[in-house]
Amino acid sequence: MLVTTRQRKHHKLPIEITVGHTPDADDAFMFYGIATGKVKSEFKINHVIEDIETLNKRAQNHELDITAASVHAYFHLKDYVILRSGSSFGIDYGPIIIAKRALLPEQLSKCKIAIPGKLTSAALLLALAIGKFEGKEVPFQLVPKSVADGDADAGLVIHEAQISYDSSVFRKVLDLGKWWSAETGGLPVPLGINVASSRSLTLEQIGKFSQLLSDSIVYGLENIDAAVDYAMQYGRGQPKDLITRFVKMYVNDLTVDMGLQGRKAIEKMHLLATKKGLIPDARTYSLSVV
């Protein structure tokens with residue numbers, strides 16, 4: 001519930017907001033400064049921790065004031081603005097396709113592919129790269145198992161599984177990060193963002209939270225060992241060196257502030273997806289970043 005201006009003036013109550021983020025090491029790393037009180041906040045934050053596809057669906061119903069979301073999901077939303085801070089961009093790397101047998105990328109369109117959700121940016125990237133395909137939705141952490149068990153011919157792998165999958169069992173068929181980089185002339189790969197509902201927050205409030213998250217990310221980068229230790233509780237049993245590597249991949253300068261390159265990457269994804277009829281184009285698209 002939002003606190004009115006009058007209440008804040010007379011009672012000096014903090015602004016109470018609901019913030020959704022994922023149980024992933026990179027998200028935990030970003031929130032380290034806020035969660036530990038090292039970075040002071042004027043907000044009272046109610047944290048909602050869900051997997052990214054669940055947050056994508058909750059965003060469609062405006063259930064949260066601010067939430068992590070896939071760039072793909074944002075193209076289906078209304079009355080949201082993007083925060084400059086907290087985004088995940090791959091720099092010539094991104095989601096990958098794995099399989100148990102040798103496959104060529106051009107064969108993937110005829111395969112059943114396990115995907116971590118239809119609204120994920122990874123799923124949109126795959127459709128941009130190979131066209132229509134048969135997707136089987138499974139929780140992201142079960143994608144490798146789905147392939148290993150023969151329930152799918154190939155799997156779309158995200159998060160730390162991109163660097164931790166068993167190469168003795170699986171073969172990498174397609175690196176969507178490298179495909180995107182070649183397709184766009186080196187733009188970063190737009191994957192995850194944070195969005196705020198303009199129905200429940202003012203632009204001033206959104207701007208203040210965006211700066212708060214940016215400050216928290218900078219604090220984590222300046223205290224990376226302690227921040228990774230904190231993020232390890234969401235590491236799904238992976239060793240610290242792997243979590244550190246994963247965090248450094250997806251928490252970078254563009255996470256602090258996406259800047260012009262980040263905006264260009266999101267606009268490019270929207271343009272390509274619109275041309276291929278993969279997202280709705282019922283509104284005049286305008287990228288709003290605060």
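The values are calculated or read from the model by the stated rules, or taken from the named source; none is laboratory data. Small disclaimer: the values here were computed from a predicted structure and weren't measured. Virtual Cβ from ideal backbone geometry, glycine too; neighbours counted across all protein chains shown.
Of the numbered criteria (1) modelled with pLDDT under 95; (2) of a type outside the set (A, V, I, L, M, F, W, C); (3) on the phi < 0 side of the Ramachandran plot, the one ARG236 fails is (3).
Summed over the stretch 65-85, the residues that are at negative phi and more than 16 Å from the chain's Cα centre (by Cα) give a count of 2. Of the strands (runs of 3 or more DSSP E) contained entirely in the stretch 39-91, those carrying at least 3 residues that are more than 30 Å from GLY185 (Cβ to Cβ) fall at 43-49.
The C-beta contact set for the stretch 204-217 (first residue closer than 16 Å to ASN252 by Cα and assigned by TED's automatic domain parsing to the domain that holds SER85, second residue among the polar types (S, T, N, Q) and assigned to a helix (DSSP H, G or I), distance under 9 angstrom, 6+ apart or interchain) comprises SER214/THR255; ILE217/THR255. Restricting attention to the stretch 119-130, does a residue exist that is hydroxyl-bearing (Ser, Thr, Tyr), surrounded by 20 or more Cβ atoms within 10 Å (Cβ to Cβ), closer than 21 Å to GLU53 by Cβ and not assigned by TED's automatic domain parsing to the domain that holds MET258? Yes, that holds for at least one residue. Tallying residues that are among the charged types (D, E, K, R), modelled with pLDDT of 95 or more, in a helix (DSSP H, G or I) and touching a helix residue (DSSP H, G or I) at 6+ places or on another chain (Cβ under 7 Å) within the stretch 239-279 yields 1.
Can you tell me which residues in the stretch 230-239 are surrounded by 14 or more Cβ atoms within 10 Å (Cβ to Cβ) and more than 23 Å from ARG84 (Cα to Cα)? If the condition is that a residue be surrounded by 14 or more Cβ atoms within 10 Å (Cβ to Cβ) and more than 23 Å from ARG84 (Cα to Cα), then TYR230, MET232, TYR234, GLY235, ARG236, GLN238 are the ones that fit.
With ALA35, ALA68 as the choices, which residue is among the aliphatic types (A, V, I, L, M) and buried (at least 23 other Cβ atoms within 10 Å of the Cβ)? None of the others qualify; the one that does is ALA68. Only one of the listed residues (ALA99, ALA69, ALA127, ALA122) is of a type outside the set (Phe, Trp, Tyr), touching a strand residue (DSSP E or B) at 6+ places or on another chain (Cβ under 8 Å) and farther than 22 Å from VAL247 by Cα. That residue is ALA99. Among the residues of the stretch 111-119, not a single one is under 20 Å from VAL71 (Cα atoms), out of contact with any Gly (no Cβ under 8 Å at 6 or more places or on another chain) and either part of a helix (DSSP H, G or I) or free of Cβ contacts under 8 Å to residues at least 12 places away in the same chain (or both). Here ASP92 meets the list (1) on the phi > 0 side of the Ramachandran plot; (2) at pLDDT 90 or above almost entirely, failing just condition (2).
Of the residues making up the stretch 162-211, those that are part of a helix (DSSP H, G or I) and touching a helix residue (DSSP H, G or I) at 6+ places or on another chain (Cβ under 9 Å) are GLN162, ILE163, SER164, LEU176, GLY177, TRP179, TRP180, GLU183, THR184.
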